[in-house]
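Only one structure is covered here, and it is reproduced in the block below.
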Amino acid sequence: MDYQNTLTYLYESVPMFQQIGSGAYKEGLENTKILDEYFGHPHREYRTIHVGGTNGKGSCSHTLAAILQEAGYRVGLYTSPHLVDFRERIRINGEMMPEEYVINFVEKHRAFFEPLHPSFFELTTAMAFRYFADEKVDVAIIEVGLGGRLDCTNIIAPDLCIITNISFDHTQFLGNTLAKIAGEKAGIIKKEIPVIIGEATEETRPVFVEKATEMNAPIVFAEDNTLVLNANSQSNMLVYETQEYPRLEGELGGCYQIKNTNTILHALKELKALGYRIEEQSVRNGFSHVNELTGLMGRWQQLSDAPLLICDTGHNIGGITYITQQIKSIPYHHLHIVIGMVNDKDIRGVLSLLPQEASYYFTKASVKRALPEGELQSIANEFGLKGTTYPSVESAVRAAQEKSLPKDFIFVGGSSFIVADLLASRNALNLN
């Protein structure tokens, strides 16, 4: 098989949450442990850092990877979902795994894993762990897929655990209260392994404290000691004044990155205490060049100037809350919002946060979970959001471009998959 046929096989042969949602979710670690034993427990061959949470774990994972790369480490990075190419999920020092590795992995091992009927994420995790071992990484940043306690990444014995925050998402699997969700996320806390909590609430803090006490794990609540003293937007960068790094320039935009940065700085302090060699210049280079160093996309990413067009993968109440705050800070003549969502999210909760004065372009992503654009429009009307439907992201963005003046602002989001379709169409839409 060539690469495209191999991907088709993977997408069609193993359940993929990205495409079908709950039908691909497999609770428990039985398959993961079988696969791990078959592949020789590869994650034991390198150091790991485990990153969970509802929002911000991708930004934190990529930024930490960029910093450690600049510090001279050979760094594996495992994240999800991908936006354009499957191989975005599995990188070493920013380079995607080769197509040939994916092909050979499937051809060599399919006779073993097919009878197991693993989920797409179970199989992808096994592939990532084996690839990092084969390529002899020094350390791998491992992002939790869903939840934590029963997530198939939760077999690693990391140097550090990070939980960014807790918000309502995947409630059908994780619970319908913040405390229940926190209980699942806290499942990555390991015995005597330090854990950084980026943000906590009255509901979630006791859950983390109880789990950390049970596991005798040192716990740090990052917001209890704000290392970020101030932050200002300057020339498409966020410039931070921090306790240790004056004028620290961050490439990732969006006001939500301020809390992510505070979490990352606390994580760096802990990693240094654990013996990681991280010089100041490595921190500065990592923050200021994270996209180039790791291939990160879709975090308040600007794709055109006149009109201004920005996309963001935020897709739940927590993420959209920050996005609406950020939109308010942008000067524009008129606001255009291209939006699509998937059918297992809190659609009404998200729509209730969006500004009524915008022109809306309701669309759907090219995944089976996508909510039809007509249904989205009907629900949006309940909240006074008015606009027109479009059958694809490309057609919706093109319409927004045609109706926009140079000083207008086009925002594209509502789902990672909307951003994925946008990035896949960027050449046709003449975007950066």
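Brief remarks on what is shown
- Split the chain at each of the trypsin sites (Lys or Arg not before Pro) in a DSSP loop with at most 14 other beta carbon atoms within 10 Å, and the longest piece is 1-135.
- Result for the chain in a Gaussian network model with C-alpha springs under 10 Å: among Ala179, Ala273, Ala133, the largest mean-square fluctuation is at Ala273.
- Over the stretch 288-432 - Rg/Rh using Cα atoms and the Kirkwood inverse-distance radius: 0.93
- Computed extension length for Val84-Glu241: 53.1 nm, one decimal, from 0.36 nm per residue of separation with the Cα-Cα distance subtracted.
- Residue ranking by accessible heavy-atom surface, 1.4 Å probe, largest first, among Glu280, Glu100, Glu270 comes out as Glu100, Glu280, Glu270.
- Charge dipole magnitude, Cβ of K and R +1, D and E -1 - the chain, Cα centre, debye nearest 20: 260 debye
- Where only DSSP H runs of four or more residues are counted, the chain gives -11500 deg cm²/dmol as its mean residue ellipticity at 222 nm, each run worth -39500 (n - 2.57).
- Here the stretch 46-119 is assigned +1 on the Cβ of each Lys and Arg and -1 on the Cβ of each Asp and Glu. Its dipole about the Cα centre then comes out at about 280 debye.
- Listed options for Cα extents along the principal axes in Å are (1) 92, 43, 40; (2) 86, 40, 38; (3) 56, 53, 38. The value calculated from this structure is the one marked (3).
- Cross-link reach list, lysines versus Lys185, counting only Cα pairs under 25 Å and skipping chain neighbours closer than eight places: Lys26, Lys33, Lys57, Lys211, Lys259, Lys269, Lys272, Lys345
- Whole-number percent relative contact order across the chain, with pairs defined as alpha carbons under 8 Å at least 6 apart: 16 percent
- Surface per residue (accessible, 1.4 Å probe) for the chain, Å²: 40 Å²
- The stretch 239-351: C-alpha gyration tensor shape, a/c 1.5 cut-off, then a/b vs b/c: prolate
- The distance between label points at Asp224 and Ser329 comes to 2.7 nm (points 7 Å beyond Cα on the Cα→Cβ vector).
- Fraction of accessible area attributable to carbon and sulfur, the chain (%, probe 1.4 Å): 48 percent
- Only aspartates and glutamates eight or more places from Lys190 in sequence, or on another chain, were considered; those with a Cα closer than 16 Å are Glu143, Asp151, Asp159, Glu210, Glu214, Glu270.
- Between the stretch 399-432 and the stretch 302-326, the alpha-carbon center distance in angstrom: 11 Å
- Distance between the 7 Å Cα→Cβ label points at Leu405 and Gln356: 2.3 nm.
- Per-selection Kirkwood Rh - the stretch 186-239 (Cα, Å, 1 d.p.): 12.8 Å
- The stretch 335-362 versus the stretch 44-85: alpha-carbon centroid distance in Å: 30 Å
The values are calculated or read from the model by the stated rules, or taken from the named source; none is laboratory data. Note that the structure is a prediction, hence the values are computed from the model and not measured. Neighbour counts run over all protein chains shown; Cβ positions are idealised from the backbone, glycine included. We work out accessible area using only protein heavy atoms, side chains counted, and drop any ligands, DNA or RNA first. Shrake-Rupley method; radii C 1.70, N 1.55, O 1.52, S 1.80 Å.
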